[in-house]
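Notes follow once the structure below has been shown.
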Amino acid sequence: MREVREILTIGRKYRSLEIWIPAVGHVNWKRHGAKVSEASKFNNETDKQALVEFQSHLSENSLASWNDSFAFCKWTGVTCGRRHKRVTGLDLSGMKLSGAISPSIGNLSFLTSLSLSGNSFHGSIPLEVGKLFWLQHLNMSSNVLGGGIPAHFLHLCFCLSE
């Protein structure tokens, strides 16, 4: 179950995000208004480069369909917005992927949903995930990630929910 809502508190707009990270459980993530202008310095070619970089961090020849034979918006697990062809969703759940999660994931500046559950990703969650202002759904459960929520995320308000 996913809960996304906008909250108006003392004249400030907050975005609320529910995530699932095994060691913590359910987390309701409220963001203070981040700089939207950060996203404007990237484009759809930047999105493609970020995906190629993400793929390069995987073990073996995973995601073989991610090649120039198809537009990157048609690659397995990738969802793009209709108008601007920017990556808005990345769902690689249960694809038996292994390797590290590339910091390039932070360059997918229009990403609203990231699901990497049910794989064998290792290492830690890249700090760059904290740059994903539009993110509303994050699922990294059932991997072998170490550490926890990066300290870089401390500028966000995490509120545990049941």
Seminar exercise, completed: Scalar couplings 3J(HN,Hα) for the range 106-118 by Karplus 6.51 cos²θ - 1.76 cosθ + 1.60 (θ = phi - 60°), nearest whole Hz, x for Gly and Pro, are x, 8, 7, 5, 9, 5, 10, 9, 10, 10, 10, 5, x
Seminar exercise, completed: Simple spin-label estimate for Val144/His84, 7 Å along Cα→Cβ, in nm, reads 3.8
Exercise. Going through the range 77-106, which trypsin sites (Lys or Arg not before Pro) have at most 16 other Cβ atoms within 10 Å and a DSSP loop state?
Worked result: Arg82, Arg83, Lys85, Lys96
Problem set entry | Ellipsoid semi-axes in whole angstrom, largest first, where each is sqrt(5λ) of the Cα gyration tensor of the range 38-150 | 20, 17, 12
Exercise. Non-local amide H neighbours of Leu132 (under 5 Å, H modeled in plane, Pro and chain starts lacking H): which ones?
Worked result: none
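Read the figures in this text as sums done on the coordinates, not as results from a lab. This one's a predicted model, so the numbers in the text were calculated from it and none came from an experiment. A quick note on method: Cβ atoms are made from the backbone with ideal geometry, for glycine too, and the neighbour counts reach across all protein chains shown.
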